[in-house]
Amino acid sequence: EAGVVQSPRYKIIEKKQPVAFWCNPISGHNTLYWYLQNLGQGPELLIRYENEEAVDDSQLPKDRFSAERLKGVDSTLKIQPAELGDSAVYLCASSRTSRETQYFGPGTRLLVL
Amino acid sequence: AQSVTQLDSQVPVFEEAPVELRCNYSSSVSVYLFWYVQYPNQGLQLLLKYLSGSTLVESINGFEAEFNKSQTSFHLRKPSVHISDTAEYFCAVTVRGGYNTDKLIFGTGTRLQVFP
């Protein structure tokens with residue numbers, strides 16, 4: 001069974017540019033998560049989807065961040081415009097239901113110059 | 001609200017020596033507990049978890065953790081480490097049975113560095 005797939009693995013952009021990350025969860029997993037991991041820190045939840053519905057986006061900075069999960073499968077996370085402080089690793093995870101174990105993708109490492 | 005404390009940011013150890021990575025949590029309700037491992041340039045992988053039942057849980061690669069409710073701890077141990085165990089280890093907690101069962105709260109991580 002394939003794991004959670006994320007792309008790109010690495011992204012370098014200049015500040016004020018837009019950037020998008022893509023995630024394909026494990027087949028059959030209804031719950032999808034986006035996490036932010038700063039250097040030397042543990043992951044912090046940005047948004048959680050149950051199928052195509054965002055049920056917890058309280059930690060998502062909505063002025064510049066947006067996310068979608070059309071058709072309840074793949075998801076994209078966008079930042080526009082990016083700031084220097086957005087440099088971090090963005091992790092996607094999925095689980096069969098919200099009460100089951102979360103499985104993580106390899107992450108996208110973003111560097112904003 | 002629950003939180004997780006990993007007291008050691010780095011743990012250096014020689015190969016074949018025993019190791020303990022400490023994790024304490026604070027929560028007024030029952031919790032599920034997890035250890036995740038992150039190898040360089042990879043995503044987090046579930047190492048082991050405590051949901052209920054026996055307080056001692058084991059992983060397939062020789063790690064074990066013991067849930068201690070009175071001390072609110074979930075320390076990770078291995079009697080003999082290998083070079084390949086070098087990685088970042090994250091302890092995480094989620095509320096058991098509450099509306100926030102979906103939200104994992106992670107510690108800041110402990111970097112285990114195994115030397116030959």
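The values are calculated or read from the model by the stated rules, or taken from the named source; none is laboratory data. Treat the numbers as computed from the prediction; the structure is a model and nothing was measured. Here the Cβ is made from the backbone with ideal geometry for all residues, glycine too, and neighbour counts use every protein chain on show. Ligands, DNA and RNA are stripped out before the accessible areas are found, and what is left, the full protein with its side chains, is counted by its heavy atoms. Shrake-Rupley method; radii C 1.70, N 1.55, O 1.52, S 1.80 Å.
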Inset, instruction - Report the calculated FRET efficiency for B:Ser54 and B:Ser9 (r = Cβ-Cβ distance, R0 = 25 Å), to the nearest 0.05. - result: 0.25
Inset, instruction - When you have a sec, figure out the Kirkwood radius of chain A from all distinct Cα pair distances and drop it here in Å to one decimal? - result: 13.9 Å
Inset, instruction - Grab the other residues whose beta carbon is less than 14 angstrom from that of B:Val13, score K and R as +1, D and E as -1, and report the net. - result: -1
Inset, instruction - State the Cα centre-to-centre distance between region A:36-67 and region B:7-24 in whole Å. - result: 31 Å
Legend entry - Violating pairs (Cα-Cα greater than 19 angstrom) within the set B:Lys49/B:Lys69; A:Lys11/A:Lys71; A:Lys16/B:Lys103; A:Lys11/A:Lys78: A:Lys11/A:Lys71; A:Lys16/B:Lys103
Inset, instruction - Return the distance in nm (one decimal) between the two label points of a simple spin-label model at A:Val5 and B:Leu46, each offset 7 Å from Cα along Cα→Cβ. - result: 2.2 nm
Legend entry - Average partner coverage of B:38-45, which counts Cβ from other chains inside 10 Å: 6
Legend entry - Interface burial for B against A (accessible surface, 1.4 Å probe, total of both chains, Å², rounded to 100): 1500 Å²
Legend entry - Residue with peak Gaussian network fluctuation, chain B [Cα springs, cutoff 10 Å], from B:Ala65, B:Ala17, B:Ala87: B:Ala17
Inset, instruction - Summarise the accessible area of region A:5-112 (1.4 Å probe, protein heavy atoms) by the percent that is carbon and sulfur. - result: 49 percent
Inset, instruction - Give the accessible surface of region B:3-115 per residue, rounded to a whole number of Å², with probe radius 1.4 Å and ligands, DNA and RNA excluded. - result: 47 Å²
Inset, instruction - Would you mind estimating how fast the protein assembly as shown diffuses translationally, via Stokes-Einstein at 37 °C and 0.692 mPa s with the Kirkwood radius over Cα pairs, in µm²/s? - result: 180 µm²/s
Legend entry - Only Lys, Arg (+1) and Asp, Glu (-1) charged, at Cβ; the protein assembly as shown dipole about Cα centre in debye: 300 debye
